[in-house]
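Worksheet: the structure to be examined is printed underneath.
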Amino acid sequence: MPPGVINFVPGDPVTVSKEALTHPDLGGVHFTGSTAVFRSMWQTIGGNIGGYKSYPRIVGETGGKDFIVAHASADPAALAVAIVRGGFEYQGQKCAAASRIYVPKSLWPEVRDRTLAMMAEIRMGDPADFRNFLCAVIDQRAFERIGGYLADAKRNAKVLAGGGAEGDEGWFVEPTLIQTDDPGHRLLCEEIFGPIVTVYVYDDAKWA
């Protein structure tokens, strides 16, 4: 493609959005992120509809809280891999991140042990070093928000691994596995967008 057809513009999201969303040449928005932000973008575009040269097309993917539900017949090894890969790739900063897991009691001991063993081998650091599976979360605001969930987990749930956060040289959050006995716990309900996976263990007989 000729230069300038595709541009990468990093920066403060509020500043970038203010310029892009009110520009007469805006042709469309394809957004992935939080529901609140997408609604505000849609509202801005609607409020400026008379100032555009055409009607901007708007597409949004928001509010992801993906899950894994395991049946008692599941393969514990495959399930553990799915938890680690699904929950911690890209620091959990993807809408498809598997952040809540429902596991039958009969499988949980083996799945837990396999998951913890894999987590112990995860390296975290500079993304330029391909031996590192995790790097820092996107910014300080995300770091502090995720830290709030970790603090809540330490008070109201059981942290099985991880739980640490270090912001001296980059916004690093350890891959964290949490277990809760409360199916309505906020960690199972709210999108965190970080390397936190929460497990609820259910009785096999209650599969239905």
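The values are calculated or read from the model by the stated rules, or taken from the named source; none is laboratory data. The shown structure was predicted, so the numbers you read here are calculated from the model rather than taken from an experiment. Cβ atoms come from the backbone with ideal geometry, glycine included; neighbour counts cover every protein chain shown. Each accessible area value is taken on the protein alone, full model and side chains, heavy atoms only, with ligands, DNA and RNA left out. Shrake-Rupley method; radii C 1.70, N 1.55, O 1.52, S 1.80 Å.
Below is a table of values for the structure above.
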read-out: Some residue of region 77-86 being assigned to a strand (DSSP E or B), open to solvent by less than 50 Å² (accessible area, probe 1.4 Å) and either farther than 24 Å from Ile146 by Cα or at pLDDT 95 or above (or both); value: no
read-out: All positions within region 148-177 that are within 20 Å of Cys95 (Cβ to Cβ) and open to solvent by less than 40 Å² (accessible area, probe 1.4 Å); value: Tyr149, Val173, Pro175, Thr176
read-out: The one condition in (1) part of a helix (DSSP H, G or I); (2) farther than 25 Å from Asp181 by Cα that Arg155 fails to fulfil; value: (2)
read-out: Candidate set: region 43-76, residues that are modelled with pLDDT under 95 and over 30 Å from Ala205 (Cβ atoms); chosen: the one most open to solvent (accessible area, probe 1.4 Å); value: Glu61
read-out: Qualifying residue in region 186-202 (condition: farther than 19 Å from Asp66 by Cβ and open to solvent by 30 Å² or more (accessible area, probe 1.4 Å)); value: no
read-out: Test for Gly163: is it farther than 23 Å from Leu107 by Cα and touching a strand residue (DSSP E or B) at 6+ places or on another chain (Cβ under 7 Å); value: yes
read-out: Counted residues, region 87-111 - those being assigned to a helix (DSSP H, G or I) and without any contact (Cβ under 8 Å) to a residue 60 or more places away in the chain; value: 5
read-out: Residue that is in a helix (DSSP H, G or I), more than 15 Å from Gly92 (Cβ to Cβ) and open to solvent by 30 Å² or more (accessible area, probe 1.4 Å), where the choices are Arg145, Arg114; value: Arg114
